[in-house]
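Accompanying notes for the structure given below.
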Amino acid sequence: MNDRELFFEAHVLYTACSAALDALDFSAFLACFAGECSYSIHSKENIDRGWPLAFVSCTSRGMLEDRVAAVQKSSFIVPRVQRRIVSGVHVLGGEPLRSEASFAVFETFDGKATTLFMAGRFEDTLVHEGGVLKFRERRAILDSSIVPNSLPYPL
Amino acid sequence: MKSLALWPGEGLTRIPHAVYADDTIYEQELARIFHGKSWNYVALEAELPRAGDFIRSFVAETPVIVTRAADGEISVLVNRCSHKGVQLCQAYAGNTKTFACPYHQWSFDLKGKLQGLPFKNGVDGQGGFGPDFDLARHGLDRLTVTTHRGAVFASFSRDVPPFPEYIGPSNLPFFERIFDGRPLRVLGKMRHTVDTNWKTLIENFKDPYHATLLHVFFATFGIWRAGQRTEVRIDETGGSSTLVQQSPVVLQKSRADEIDAGIAAQMKVYREDFMKLAEPKILSALREFPEDEDTVTMQTLWPNCAFHQNLNSLGVRLALPRGPHQIEVHWTFFGYESDDDDMTRRRLMHANFFGPGGLVTGDDIEVWQLNQRGVSTKPPGVCRVEAGGSGTDEADFVITETAVRAFYKHYRRVMEL
């Protein structure tokens, strides 16, 4: 596979993942991940200080499935629209295949103006599974160390 | 202060909405509570192990620097240059000998003493500071400091009771369960805002009534312990309290007893039609305190600090007021230096229940914002807190708001409301 094909495939994956979460289509979100995978959200501060704590830490696919189930079935979440803008997808190569991207998430509550909820970057590793590119490891690293209110959905 | 007839005649079973939303009351809270006779948690000693270490922290709205000097003494200094008021220190943490103001290079030592300033004697014999300018009189504002078992507290008052007396004998054993003297290891911080009043977070820790109703994570996945034992411990003033509850899952006595068999057996007793966790290991917790029989604790320290010990997660959080309608919540998660990798892994895994993305605390944050909208609605109303009666005594049942009433007993005394 040449770089151009890989770049195209990575874009398809990043776009599909953001679109799934914006639409609260969690099965489509999970479909972006490999059978063995991890997902975590970190503050800049914890990364800078070398602390292992994460806001969200799913160390297996099962944990990610449970979190998605909790979001759908048990968590109390005030309805909102989230819109993810993912840009600068940068496939770095290597084995496992490393990739990075920047993200911004806008948030809109009923009756309120849209605000910028969060910006940051993804540090991912990707893997081909059944001929389709998937996330094996996804780390979202927030630019801010302070989250506005809550972080109910994956980024 | 205006309208002292604020409190309804029913007394402690009512909370006037104005205490959450009124600007004048908020200013009085800063003056009387946070700048008064309170011990305010600011740091763990584990964050300042060496001479020269410092971290930034807050006492309510006041930014402070917590430092350790060469002689080991911990100081809590207001992060504001004594010259023009510039914020001195911008880093969250570091190691230094001095704090120099970027504006005119006034320089302060780790205890806040003004060490020197450029051009003290002017230039070419002209200008500068007169012979009466005494460096010793122009240091940084210093707070009173106490420590207890590795936690650091600060006060604007020099007249606060010693910490064990302040937290009260009912609560102290549960504080000392976590802070048992073993050196601590910081695992990380979480910080987030919530558009709510600071007391709303603290009341949440005093309200076992809401937990079964709002936090349905465990029930959703078929994990429920019927008649979950609960004790509510309250200090004599009413300001600080501890909820001691039977753990939502059985704390395993040893790794040998443990999952997957342990958790699976525990889940089997519940209804077959509940959802199943794909990864039950998230609930796998070890019993770690020798005197403990399978309990979790949620403790508040007057005014705005809370400690949790739940599954194997240990943490402290501050509800830092940012006006009546917003808080910053600063969490520090920790374990012990003696933890092995397996225990550290559990503590990090169980942190999934806490913080802004927490599987349990996420629910609270959503509700607290709606709560603030309600209590800010004009004309103001009252909260009704009658669960478990109208008293402020300790309790050993779950459907009670006794610790909330006790908190307001103390609040009214301090605020003269």
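The values are calculated or read from the model by the stated rules, or taken from the named source; none is laboratory data. What you see is a predicted model, and the numbers here were worked out from it, not measured in a lab. Here Cβ is always computed from backbone atoms with ideal geometry, including for glycine, and neighbour counts include all displayed protein chains.
Could you figure out which of (1) out of contact with any helix residue (DSSP H, G or I) (no Cβ under 8 Å at 6 or more places or on another chain); (2) among the charged types (D, E, K, R); (3) within 11 Å of chain A (Cβ to nearest Cβ) isn't true of residue B:340? Single failed check for residue B:340: (3).
Looking at this structure, is residue B:182 surrounded by fewer than 17 Cβ atoms within 10 Å (Cβ to Cβ) and either free of Cβ contacts under 8 Å to residues at least 12 places away in the same chain or in contact with a strand residue (DSSP E or B) (Cβ under 7 Å, 6 or more places away or on another chain) (or both)?
yes
For the condition free of Cβ contacts under 8 Å to residues at least 12 places away in the same chain and either among the aliphatic types (A, V, I, L, M) or crowded, with 22+ Cβ neighbours inside 10 Å (or both), residue B:306 does not qualify.
Checked across region B:353-372, the condition of being touching a strand residue (DSSP E or B) at 6+ places or on another chain (Cβ under 9 Å), more than 23 Å from residue B:243 (Cα to Cα) and more than 12 Å from every other protein chain (Cβ to nearest Cβ) holds for no residue.
The residues of region B:86-122 that are under 21 Å from residue B:71 (Cα atoms) and not in a strand (DSSP E or B), listed by number, are B:96, B:97, B:110, B:111, B:112, B:113.
Are any residues in region B:59-78 of a type outside the set (Val, Ile, Thr) and crowded, with 20+ Cβ neighbours inside 10 Å, and if so, which ones? Scanning region B:59-78 gives B:60, B:68, B:75, B:77. Quickly run through region B:389-417 and pick out the residues that are touching a residue at least 60 places away in the same chain (Cβ under 8 Å) and either within 14 Å of chain A (Cβ to nearest Cβ) or at positive phi (or both). Selection gives B:416 alone.
Number of residues in region A:81-113 that are surrounded by 18 or more Cβ atoms within 10 Å (Cβ to Cβ) and within 14 Å of another protein chain (Cβ to nearest Cβ): the value is 2. For residue A:71, the criteria (1) part of a strand (DSSP E or B); (2) surrounded by 14 or more Cβ atoms within 10 Å (Cβ to Cβ); (3) more than 12 Å from the chain's Cα centre (by Cα) hold in every case but one, which is (1). Within region B:150-159, can one find any residue that is aromatic (Phe, Trp, Tyr) and part of a helix (DSSP H, G or I)? For region B:150-159, residues aromatic (Phe, Trp, Tyr) and part of a helix (DSSP H, G or I): absent.
When region A:96-111 is filtered for residues that are of a type in the set (D, E, K, R) and at pLDDT below 95, only A:110 remains. For region A:45-68, the criterion of being on the phi > 0 side of the Ramachandran plot, within 14 Å of chain B (Cβ to nearest Cβ) and either outside any strand (DSSP E or B) or without any contact (Cβ under 8 Å) to a residue 60 or more places away in the chain (or both) is satisfied by at least one residue.
Annotation: of all residues in region B:274-301 being in contact (Cβ under 8 Å) with a residue 60 or more places away in the chain and within 14 Å of chain A (Cβ to nearest Cβ), the one that is farthest from residue B:199 (Cα to Cα) is B:281.
Number of residues in region B:371-393 that are modelled with pLDDT under 95 and under 23 Å from the mean Cα position of the chain (by Cα): the value is 0.
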